[in-house]
Amino acid sequence: MKNWKKFATMSLAAGMSMMLLAGCSGSTTETTAAPETAAAAETEAAEETEAAEETEAAAESAEESEAEAEAEGFAEDVQAIVDRGVLHVGVKNAVIGFGYQDTLTGEYSGMEIDLAQKIADYLGVDVEYTAVTAATRGELLDSGDIDCVLATFTITDARKETWDFTTPYYTDYVTVLVEQSSGITSLEGLKDAKVGVSSGSTSAKSLTEAMIEAGFISDENYDAETFDPATWTEGISFQQYDDYPTISTALSAGEVDAFCVDKSILAVYNTDSRTYIDEQFAPQEYGIATTKGSGFSEVCEELITGWLSDGTIDGLIEEYSLN
Ligand code: GLU
């Protein structure tokens, strides 16, 4: 009898957890055997009630402690994401291997997409992607439209003053794409060129510093703190654009002589008529950006460092052929 009761409790528990999982209510009596006599039925009914009460109490206390653990375990801002049920992530939509959206299916793929999905899985929520650019990602984070940026976002000291960044999950380099017909093959060939860059990117500063270091332009008026691509004209000049497809069109049209940004971003614009210059420079360490001082910053940092040490990140780099 004891064993039977245990079994009944277990099957009730199983039935209840199935109900919980299925998110519906209903009778679980069909899972127990039919009673043979009225007395047996009464005893059975009493035991069933007792068992059901026990199971219910156990389920309730489990739910309570789960809620308590969550309340204790997550900072308020992280709990708000959990309660919302959706993690909002800013990603690139045209960087193959990082954040790329298939124009036909609308599906996103890439290492940064997988990382975003994994963070959402950890929180037990869905993920929603917002396509961002170098110029919009910070604003969207500040306005709360997105919870984090996973979009080839280079960690810099200046940016760290505004946002939190995780330990880097990838390092890229800056280079320059030109039309082969231009005859430009190296940094030296970019002397006096007009270069297309994205607003809000590190590209113009990286290229100017590389040209100065190589001795092709003077550093006399260069100040890293105040450098502005819009006004720099010494030995190289820049035209800023809102997005990369527009720079690519400008390069084809001869509006600019070159297109400068991280190599990962340039890849999709490297058509048959174009080529990279010989050099690549200015290591770009990509991190997840979050609101400064938020609880979510800590969650992202813990997850990224965990995935760096357990080989998950290396696996993604391998999977998307980013090495
Ligand atoms: N990674 C560089 C940056 O953060 C290039 C711009 C971009 O990511 O679009 O500035």
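Nothing in this text is a laboratory measurement; each read-out follows from the coordinates by a stated rule. None of the values given here were measured: they were computed from a predicted structure. Neighbour counts run over all protein chains shown; Cβ positions are idealised from the backbone, glycine included.
Out of the trypsin sites (Lys or Arg not before Pro) in the stretch 259-323, which ones are loop residues according to DSSP with at most 14 other C-beta atoms within 10 Å?
Working: sites: LYS263, ARG274, LYS292; in loops: LYS292.
Listed in order of number, the matching sites are LYS292.
One-quarter of the Cα convex hull surface for the stretch 120-168, in nm²? Could you put the intermediate results ahead of the total?
Details: hull surface 15.8 nm².
Averaged projected hull area, Cα only: 4.0 nm².
Here is the link list: LYS92/LYS118; LYS92/LYS205; LYS92/LYS191; LYS263/LYS292. Which ones come out longer than 23 Å on Cα distance?
On the way: LYS92/LYS118 17 Å; LYS92/LYS205 21 Å; LYS92/LYS191 31 Å; LYS263/LYS292 28 Å.
Result: LYS92/LYS191; LYS263/LYS292 exceed 23 Å.
Give the residue from LEU308, ALA253, ILE212 lying farthest towards the positive end of the charge dipole for the stretch 193-323; charges sit on Cβ (+1 for Lys and Arg, -1 for Asp and Glu) and the dipole is referred to the Cα centre.
Among LEU308, ALA253, ILE212, the one farthest towards the positive end of the dipole of the stretch 193-323 is ALA253.
Charges only on Cβ, +1 for Lys and Arg, -1 for Asp and Glu: so what's the dipole of the stretch 179-323 about the Cα centre, in debye to the nearest 20?
Working: 6 positive and 27 negative charges, 77 e Å.
In debye, rounded to 20, the stretch 179-323 gives about 380.
Place a +1 charge on the Cβ of each Lys and Arg in the stretch 259-315 and a -1 charge on the Cβ of each Asp and Glu, then give the dipole magnitude about the Cα centre in debye, rounded to the nearest 20. Walk me through the numbers before you get to the answer.
On the way: 3 positive and 10 negative charges, 52 e Å.
It comes to approximately 240 debye.
Which one of ILE317, GLY293, GLY183 has its Cα pushed farthest toward the positive end of the charge dipole of the stretch 178-323, where Lys and Arg give +1 and Asp and Glu give -1 at the Cβ?
Positive-most Cα among the choices belongs to GLY183.
To the nearest 20 debye, what is the magnitude of the charge dipole of the stretch 99-146 about its Cα centre, counting +1 on the Cβ of each Lys and Arg and -1 on the Cβ of each Asp and Glu? Please list the in-between numbers first.
Values: 2 positive and 10 negative charges, 21 e Å.
About 100 debye.
Which distance in nm do the two modelled labels at VAL268 and THR103 give, with both placed 7 Å along the Cα-to-Cβ direction?
Going from the VAL268 label point to the THR103 one covers 1.0 nm.
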